[in-house]
Amino acid sequence: MRIIRSYILFLVLVTSWFTSFAKGKKPPGDVTIGNITGTITDKADGKPIIGATVSIPDLKTGTITDVNGHFNINNLPKGVYLVQVSYLGYSTYTEKVDFAKTTVLNIQLTSSTIETGEVVITGVSKATEIKRDPVPMVAVGKNYIDEHSASGNVIDVIANLPGVSAVTTGPNISKPYIHGLGYNRVVTLQDGIRQEGQQWGDEHGIEIDQNSIDRVEIIKGPASLTYGSDAIGGVVNMITSSPVPEGRILGSLTGIYGTNNGLINTSLKLQGNNNGLVWGTVISDKMAKDYQDPHDGRVYATNFNEKDARVMVGLNKSWGSSYLNASVFDDLQAIPDGSRDSLTRQFTKQITEADTYRPIVPASELNSYSLPTLHQHVQLYRIYNNSNFILGSGNLAVNLGYEYSHRREFTHPEDGTIPGLNLALSSYTYDVKYNIEIGKGYETTFGINGMYQSNALGYSTDFPIPAYHQFDIGPFFAVKKSFSKLDLEGGLRYDSRSFSGQAAYIDTATQYPTLYTGTNPTSTPNVTRQFSALSKSFSGMSGSFGGTYNFSDRFLIKANIARGFRAPSIAELSANGPDPGSQIYHVGNSSFKPEFNTQEDIGAFLTLPNVSASAEVFRNNLQNYIFQEQLLDANGNPERVNADGSSNPTGQYSKFSYMQSKAQIQGGEFSLDIHPWPWLHFENSLTLTYGTNLGTGGHVPDSLKYLPFIPPAHTHSEIRGTFAKGFSSLKNVYGFVGFDHFDAQNHYLSAYGTETYTAGYNLVSAGIGGNLVNSAGKKVIELFIEGTNLGNVSYQSNMSRLKYFDNPTVPAGVQPGIFNMGRNISFKVVVPFDLSSHPKS
């Protein structure tokens with residue numbers, strides 16, 4: 001705890017030191033303080049646009065235009081920064097502006113039929129237009145998140161984007177997958193700070209409050225250059241709300257209700273900005289009953305209760321910005337196992353440790369918000385600082401974070417307070433980047449980032465991974481240059497990761513196995529070795545190079561090649577024990593080599609007045625690819641074991657071992673948006689992903705030919721109507737009807753029953769919403785209604801782990817496993833309010 005206190009004190013001192021500049025003291029470096037003013041008008045009729053958003057992403061500042069379309073932003077440093085102007089129904093305007101030379105910026109926006117979406121990505125070295133960056137990226141903003149409120153968590157919100165999917169364990173547990181890679185191969189961030197919480201585990205999701213997220217940025221492909229080991233599949237950066245305009249105190253109350261599982265999600269948000277002193281808070285509460293589907297009825301032990309809180313205080317001045325954030329995520333989540341009555345197929349529950357008889361779960365319990373005795377408790381405490389200092393002609397970005405992840409699984413029905421699993425992970429992350437323009441137009445970034453981790457084993461009875469220490473470090477540089485129509489970007493990085501795993505012994509003399517803490521484990525009766533001491537180091541080079549050629553404003557081509565690096569996780573190296581929530585007994589391999597991959601991407605993008613289209617293809621070759629494979633028992637059947645690893649045909653756990661091989665993943669995303677009128681869109685997309693096990697040089701049998709958790713071909717079609725001017729007091733009205741087709745997945749890892757065939761299915765969704773405004777044109781209520789699986793289709797996604805949750809023996813002719821959620825209609829209401837002393841128009 002001394003280290004933790006010291007680290008927190010350091011963050012506070014950093015912020016406090018820069019607070020001294022808030023009162024007018026001279027800022028560090030050679031900084032010119034200035035301002036920029038201007039007017040935003042409609043290009044067609046010259047009328048001012050009221051309420052347009054003018055933002056400078058790199059400086060985390062911005063404002064909205066007044067009744068005359070005028071704006072003013074003060075305390076700007078010298079330098080060249082991207083300015084973005086956006087307003088619903090108009091093309092988003094972006095321009096790089098030199099604040100040392102420009103003080104007036106008058107902009108005309110063009111009415112557009114194109115669904116522009118998010119056009120700038122901020123989670124790179126500097127804010128960048130997505131269309132001009134060769135790295136495959138996609139971003140969604142608050143409108144998209146609001147319109148998809150039926151999703152149980154923020155990962156599900158993005159899971160249907162082209163190239164993106166999610167491995168799920170019910171409605172509140174989702175892990176992002178990008179181009180067929182997930183878990184420790186995708187780095188998840190909040191405000192650029194790594195999210196760390198036992199990513200190797202199956203049965204818990206991303207510990208981030210969906211109500212605090214206003215924007216999600218995704219890099220689709222190796223991003224080791226900027227983010228280091230574990231980013232060979234890509235990056236998901238979840239970004240919280242931007243500061244409100246100067247002099248404002250704004251807030252909102254949000255309520256969401258879902259009909260399928262009785263989801264109740266409430267949230268309070270409040271933000272303020274006074275002379276560059278910015279602050280904000282979000283407090284949320286989310287709970288749900290067991291979800292239901294037409295095949296299973298209500299699915300036992302899929303209910304949850306989540307509470308979240310976040311506070312932020314910071315400064316935004318001419319010298320830059322510094323933000324201190326603190327948050328807590330507290331989730332109580334039931335643990336499903338899929339056990340059924342052999343005759344009625346109704347869900348049953350474990351009530352004794354011996355587990356000789358399981359009663360049928362009563363309807364009252366299936367329809368309850370109360371958590372069962374068997375559940376998991378996942379807590380994540382986070383404190384981090386995002387600072388951006390203007391130094392000379394460049395800027396220094398410093399991101400420091402501390403996270404404490406405490407994960408417990410209570411798996412003893414007669415001793416509900418004794419955890420089966422108890423892991424405490426402390427993570428200290430650092431990320432320092434200096435951005436400067438070298439020469440004429442060469443945007444260069446020099447940086448170093450990494451983390452230190454310490455994982456401890458608390459009092460528990462199951463031990464899948466050991467206690468360990470880990471240290472990562474990786475220096476890098478990246479360069480970007482524009483040559484008229486050609487944009488080039490590239491860079492190199494060197495990573496090093498070291499592991500130190502601790503030996504552990506288990507005392508089996510008591511009722512439950514416990515961690516032995518004595519001094520003579522080898523000579524003490526009933527004490528067995530669970531983990532041997534481990535010391536490993538891994539290192540490797542990564543990098544990328546790519547370009548974008550803009551033939552015109554309407555057509556461009558991108559190409560990029562990237563090499564990624566990933567060190568094996570502690571589970572892959574050392575696992576030797578059961579993970580109760582996943583029903584898997586993990587077995588690691590300390591001889592694994594690090595993974596490397598090389599991915600080539602090429603894409604073409606066309607934007608015409610009434611049609612827009614894109615085609616992107618990729619090929620990803622992976623060396624030393626690590627995956628899990630189910631093991632066989634002495635009779636050639638999938639092996640099931642007890643908690644101590646002993647074989648038992650009716651044991652609670654399936655035994656899986658990690659394997660290593662060469663692999664290849666390839667595919668692409670294709671889109672076509674037809675918009676014959678400004679208000680009408682017919683959007684279509686196709687996503688293809690194929691993963692193949694190439695083996696280690698010899699013949700690969702058909703049962704091992706394919707990689708696990710590869711999403712099938714997926715098409716999405718949607719007819720959408722958008723009416724920005726609305727009808728009377730109802731503005732920004734939208735409505736859509738969507739159709740999703742998922743092909744059957746017959747390319748799966750079939751060896752030993754690791755995966756099984758998944759039938760294809762079709763889903764229909766729809767949504768409608770808008771803003772109710774008062775006579776002054778201010779929003780009073782925002783309403784979003786979304787329906788998913790409106791046909792109430794019985795289906796199983798091959799990305800759902802619940803597909804494999806059932807009795808060890810299933811009657812002939814019965815489809816095993818749990819099905820996905822049935823029809824759900826979500827209602828989201830947002831009530832904004834303004835507590836400013838002198839509200840501005």
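Every read-out reported here was derived from the displayed coordinates using simple, explicitly stated rules and does not represent laboratory data. Values in this document were obtained by computation on a predicted structure and should not be read as measured data. Glycine gets a Cβ as well: all are built from the backbone with ideal geometry, and neighbour counts include every protein chain shown.
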Once phi is turned into θ = phi - 60°, what whole-Hz ³J(HN,Hα) does the Karplus curve with 6.51, -1.76 and 1.60 give for every residue of region 686-702, x standing for Gly and Pro?
9, 10, 10, 9, 10, x, 10, 7, 8, x, 10, x, x, 5, 9, x, 4
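If the viscosity is 1.567 mPa s and the temperature 4 °C, what Stokes-Einstein diffusion coefficient in µm²/s follows for region 31-112 when Rh is the Kirkwood radius over Cα pairs? Don't skip to the end; give the middle numbers.
Working: Rh = 12.7 Å.
D = 102 µm²/s.
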If each DSSP helix of 4+ residues adds -39,500 (n - 2.57) and the sum is divided by the residues in the chain, what number results at 222 nm, nearest 500 deg cm²/dmol?
-1000 deg cm²/dmol
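What size of dipole, in debye to the nearest 20, comes out for region 31-112 about its Cα centre when the only charges are +1 on Lys and Arg C-beta atoms and -1 on Asp and Glu C-beta atoms? Before the final figure, lay out each step's value.
On the way: 6 positive and 6 negative charges, 32 e Å.
Taking the Cα centre of region 31-112 as origin, the dipole is about 160 debye.
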Which value, in debye to the nearest 20, describes the size of the charge dipole of the chain about its Cα centre when Lys and Arg Cβ atoms bear +1, Asp and Glu Cβ atoms bear -1, and nothing else is charged?
2180
Using θ = phi - 60° and the Karplus relation 6.51 cos²θ - 1.76 cosθ + 1.60, list the HN-Hα couplings for region 645-656 in order, rounded to whole Hz, with x at every Gly or Pro.
x, 6, 5, 7, x, 10, x, 6, 10, 8, 9, 10
Amide H to amide H, which residues 5 or more places from Arg248 or on other chains are under 5 Å from it, using H placed in the peptide plane?
Asn273
Kirkwood hydrodynamic radius over Cα pairs of the chain, then Stokes diffusion coefficient at 4 °C and 1.567 mPa s, in µm²/s:
46
Dipole of region 106-207 (Lys/Arg Cβ +1, Asp/Glu Cβ -1, origin at the Cα centre): which of Val187, Ala159, Pro136 lies farthest to the positive side?
Pro136
Taking amide H positions as placed in the peptide plane 1.01 Å from N, state which residues far from Tyr516 in sequence (5 or more) or on other chains have amide H under 5 Å from it.
Tyr505, Ile506, Asp507
Just name one of Val278, Val587, Leu457: the one whose Cα is farthest towards the positive end of the charge dipole of the chain (beta-carbon charges, Lys/Arg +1, Asp/Glu -1).
Val278
Restricting to DSSP loop positions (anything but H, G, I, E, B) with no more than 15 other Cβ atoms inside 10 Å of their own Cβ, which trypsin sites (Lys or Arg not before Pro) remain in region 758-841?
Lys778, Lys840
Applied in sequence order to region 584-601, the curve 6.51 cos²θ - 1.76 cosθ + 1.60 (Karplus, θ = phi - 60°) yields integer Hz couplings, x standing for Gly and Pro, of 10, 9, 8, 10, x, 8, 6, 8, 4, 9, x, 7, 10, 9, 10, 10, 10, 10
Restricted to the chain, the DSSP antiparallel beta bridge percent, nearest 5, is 95
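How much net charge surrounds Ala456 when only other residues with a Cβ under 13 Å from its Cβ are counted (Lys, Arg +1; Asp, Glu -1)? Working shown, then result.
Values: positive: Arg407, Arg408; negative: none.
Charge balance near Ala456 sits at +2.
Can you list which of the chymotrypsin sites (Phe, Trp or Tyr not before Pro) found in region 439-489 are DSSP loop residues with at most 11 other C-beta atoms within 10 Å?
Working: sites: Tyr442, Phe446, Tyr452, Tyr459, Tyr468, Phe471, Phe476, Phe477, Phe483; in loops: Tyr459.
Filter output for region 439-489: Tyr459.
Arrange Ser212, Ser111 by Cβ neighbour counts within 10 Å, fewest through most, would you?
Working: Ser212 27, Ser111 14.
Least to most surrounded, the residues fall as Ser111, Ser212.
Do any chymotrypsin sites (Phe, Trp or Tyr not before Pro) in region 329-414 lie in a loop, going by DSSP, with at most 11 other beta-carbon atoms within 10 Å of their beta carbon, and if so which? Numbers along the way, then the final one.
On the way: sites: Phe329, Phe347, Tyr357, Tyr369, Tyr381, Tyr384, Phe389, Tyr402, Tyr404, Phe410; in loops: Tyr357, Tyr369.
Counting only loop positions with at most 11 other Cβ atoms within 10 Å, the chymotrypsin sites (Phe, Trp or Tyr not before Pro) in region 329-414 are Tyr357.
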In degrees, nearest 10, range 0 to 90: what is the angle between the Cα axis of helix 2-19 and the longest Cα principal axis of the chain?
10
Amide H neighbours of Gly221 under 5 Å, counting only residues 5+ apart in sequence or on other chains, H built in-plane at 1.01 Å?
Gly234, Val235
